[in-house]
Amino acid sequence: MENKSNIFLELKGVSKEFPGVKALKDVSFSINKGEVHALIGGNGAGKSTLMKILSGAYTKNSGQIIVEGVETEIGHPSAAEALGITIIYQELNLVQSLSIAENIFIGRHPKTKSGTVDWRTMNREAARLLKEFRIDLAPQTTVKSISIAQQQMVEIIKAVSKNAKLVIMDEPTSSLTTKEIDVLFQMIRTLKTKGVAVVFISHRLDEIFEISDRITIMRDGTYVATRDIDKITRSELISLMIGREMSQQFPERVSATGSELMRAENISDGVLLDNISFTLHEGEVLGFAGLVGAGRTELMHTIFGSRKKRSGSLYLHGKEVSIRSPKQSIRNGIGFVTEDRKREGLALNLSLRENVCMVAIQKVLTYGLISRKKETESSGEYIDTLGIVTPSAEQKAMFLSGGNQQKVVLSKWLMSNADIIIMDEPTRGIDVGAKREIYEVINQLVAQKKGIIVVSSEFDEVMGICDRIIVMCEGHITGILSKKDFSQEKIAALAVGEGV
Ligand SMILES: Nc1ncnc2c1ncn2[C@@H]1O[C@H](COP(=O)(O)OP(=O)(O)OP(=O)(O)O)[C@@H](O)[C@H]1O
Ligand SMILES: [Mg+2]
């Protein structure tokens, strides 16, 4: 028997429907005080929806939420806050022009006797909190001058200062560096010692095993199981999550690279990128490894024409080309699956069908007009092959789960005629099961002699799918490895600029 008094929050038979989607079906489990409770499940399993219900952004259709023994309705974010429940969103909610201290105490500034803001007390209190969490920042620093990771830390501190009892983190690590993840985990441990519970959502199993006490697994909107983390193995976890045994993570491929597709020579941007040269061949998967901030995303934008280059040349099929805009890139057969799917990859207001067919529009024309039938057929193929969870091809992109949005962005470029596809963190936010589907698609593309560039911060991923790996550090190429030389250690050393 679980000790009731140890439970902070209990869900009983919680269900949630959207038009055409049963996002949650009769979900029941509980979250203990002061525990780190991981939530895992495939893309579209209902994790974010459940957390939005707990934080008052969505309302449930049925079921009960019991907080500290009392049944409650959480109809609004302020109701959640009053109960001590805070969610840290990925799109952070800080006011960029204000200081860290002002953000922490926004709407509840300490006041002096005469009723003005008591800056001294506010900054002192903020400094104390920053110190408690071992964050080396001055409370007066403007939020716009600190990194995304640091902003996330400020959000957490803000939650704590409001006496949060449960902090929900929905994929908090997806854009953090390894170092920043360490700091976040240190903060989570401090939260625990203060008796604050944390719900931690991630698709990265290593992180889950490192930080959580218990784990709840969800599948297709239903609750599957809750386990103590030290009583479950990785493979048990995966099979509970995807409902079957997982085949080998990286599909086999015989590498057969052909002639040169693209050559970059001495690309510099005058800011970060310094004399970058490399080649990409037909049928090759070329990896770009490194730490977040090494300049890989900037390099890809510079090649694609969405960022200005200062000097250097680009050759396609041996001929020099001048590319100054994404449009010219696309015309020259280059596709780009960007890292920031919300800003650059998706038209959130349009349907899945329209998003998938957006680049390869010529493939769905009949007598010069867009054929909806052809669009539906083509997008349907990708829904099937990539396992996109959606009620239909007509669903607006904004209503898809994070991982499923990423699959739509990929489909768009897979459908295009591009013979070079650049993929920046293609599996970010993608569940373990669906990653393999994406790797298989990459294999099919190179079998058609296309060249694929994969930028990834996950070393095992680049090692698992690439023919060669280029490692970057601070705007430079620090090494080019061929398959026989792949090792985690080598990549890690080159990524921090230590030659081997
Ligand atoms: N506002 C909405 N309108 C319609 N459908 C929605 C809405 N929000 C979520 N859904 C649907 O509910 C289901 C669950 O989505 P949710 O975002 O909770 O998944 P998730 O487990 O967080 O997935 P991921 O790992 O990809 O982030 C999905 O099928 C999604 O498309
Ligand atoms: Mg989600």
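The values are calculated or read from the model by the stated rules, or taken from the named source; none is laboratory data. Please read all numbers here as calculations on a predicted model, not as lab measurements. Positions of Cβ are backbone-derived with ideal geometry, glycine not excepted, and every protein chain shown enters the neighbour counts.
Some points to look at:
- Cross-chain or 6+ apart pairs with Cβ under 7 Å, region 179-203 first and free of Cβ contacts under 8 Å to residues at least 40 places away in the same chain, then part of a loop (DSSP other than H, G, I, E, B) and among the hydrophobic types (A, V, I, L, M, F, W, C): Leu184/Leu176
- Apart from one condition, Gln96 fits all of (1) at pLDDT 95 or above; (2) more than 23 Å from Arg189 (Cα to Cα); (3) in contact with a helix residue (DSSP H, G or I) (Cβ under 6 Å, 6 or more places away or on another chain); the exception is (1).
- Taking region 471-500 as the range and being over 21 Å from Asn275 (Cα atoms) and buried (at least 16 other Cβ atoms within 10 Å of the Cβ) as the test, the residues that pass are Phe486, Lys490, Ala492.
- When residues in region 221-233 are screened for being away from ligand 2 (no atom under 16 Å from the Cβ) and outside any strand (DSSP E or B), 5 of them pass.
- Of everything in region 405-432 that is away from ligand 2 (no atom under 16 Å from the Cβ), under 21 Å from Glu298 (Cβ atoms) and aliphatic (A, V, I, L, M), the residue that is surrounded by the most Cβ atoms within 10 Å (Cβ to Cβ) is Ile422.
- Among (1) near ligand 1 (Cβ under 10 Å from one of its atoms); (2) under 25 Å from Ile470 (Cα atoms) - the single one Arg428 does not satisfy: (1)
- Highlighted here are the strands (runs of 3 or more DSSP E) found entirely within region 27-88 that include at least 1 residues which are among the small types (Gly, Ala, Ser), touching a residue at least 12 places away in the same chain (Cβ under 8 Å) and assigned by TED's automatic domain parsing to the domain that holds Glu155: 36-41, 62-67.
- Among (1) within 16 Å of ligand 2 (Cβ to nearest atom); (2) without any contact (Cβ under 8 Å) to a residue 40 or more places away in the chain; (3) out of contact with any helix residue (DSSP H, G or I) (no Cβ under 6 Å at 6 or more places or on another chain); (4) among the polar types (S, T, N, Q), the one test that Gln448 misses: (1)
- Each residue in region 123-172 was checked for being surrounded by fewer than 18 Cβ atoms within 10 Å (Cβ to Cβ), touching a strand residue (DSSP E or B) at 6+ places or on another chain (Cβ under 8 Å) and among the charged types (D, E, K, R), and 1 pass.
- Of all residues making up region 16-50, the number that are among the small types (Gly, Ala, Ser) and within 15 Å of ligand 2 (Cβ to nearest atom): 8
- Residues in region 382-409 that are small (Gly, Ala, Ser) and in contact with an Asp or Glu (Cβ under 9 Å, 6 or more places away or on another chain): Gly387, Ala393, Ala397, Gly402, Gly403.
- Some residue of region 136-145 being under 28 Å from the mean Cα position of the chain (by Cα) and either within 16 Å of ligand 1 (Cβ to nearest atom) or within 30 Å of Ser30 (Cα to Cα) (or both): no
- Selection count, region 214-234, where residues are over 14 Å from Ser202 (Cβ atoms), hydroxyl-bearing (Ser, Thr, Tyr) and modelled with pLDDT of 95 or more: 3
- Close pairs from region 411-434: first on the phi > 0 side of the Ramachandran plot, partner within 15 Å of ligand 2 (Cβ to nearest atom) and hydroxyl-bearing (Ser, Thr, Tyr), Cβ under 8 Å, at least 6 apart: Gly429/Ser174
- Only residues that are assigned to a loop (DSSP other than H, G, I, E, B), more than 25 Å from Gly195 (Cβ to Cβ) and touching an Asp or Glu at 6+ places or on another chain (Cβ under 8 Å) were counted in region 93-143, giving 4.
- Ser175 vs. criteria surrounded by 15 or more Cβ atoms within 10 Å (Cβ to Cβ) and in contact with an Asp or Glu (Cβ under 9 Å, 6 or more places away or on another chain): yes
- Pick from region 373-398, criterion in contact with a strand residue (DSSP E or B) (Cβ under 9 Å, 6 or more places away or on another chain) and hydrophobic (A, V, I, L, M, F, W, C), ranking: farthest from ligand 2 (Cβ to nearest atom): Ala393
- Within region 28-57, restricting attention to residues that are over 24 Å from Lys435 (Cβ atoms) and within 11 Å of ligand 1 (Cβ to nearest atom), the residue that is nearest to the chain's Cα centre (by Cα) is Lys52.
- Search result, residues across region 105-122 that are buried (at least 17 other Cβ atoms within 10 Å of the Cβ) and over 23 Å from Glu81 (Cα atoms): Asp118
- Selection within region 348-395: residues that are loosely packed, with under 15 Cβ neighbours inside 10 Å and of a type in the set (Ser, Thr, Tyr). The member of this set that is farthest from Val408 (Cα to Cα) is Tyr367.
- Test: Glu132 is within 17 Å of Ile188 (Cβ to Cβ), within 16 Å of ligand 1 (Cβ to nearest atom) and not hydrophobic (A, V, I, L, M, F, W, C): no
- Of the strands (runs of 3 or more DSSP E) lying entirely inside region 163-220, those containing at least 2 residues that are of a type in the set (Val, Ile, Thr) and within 13 Å of ligand 1 (Cβ to nearest atom) span 197-201, 214-219.
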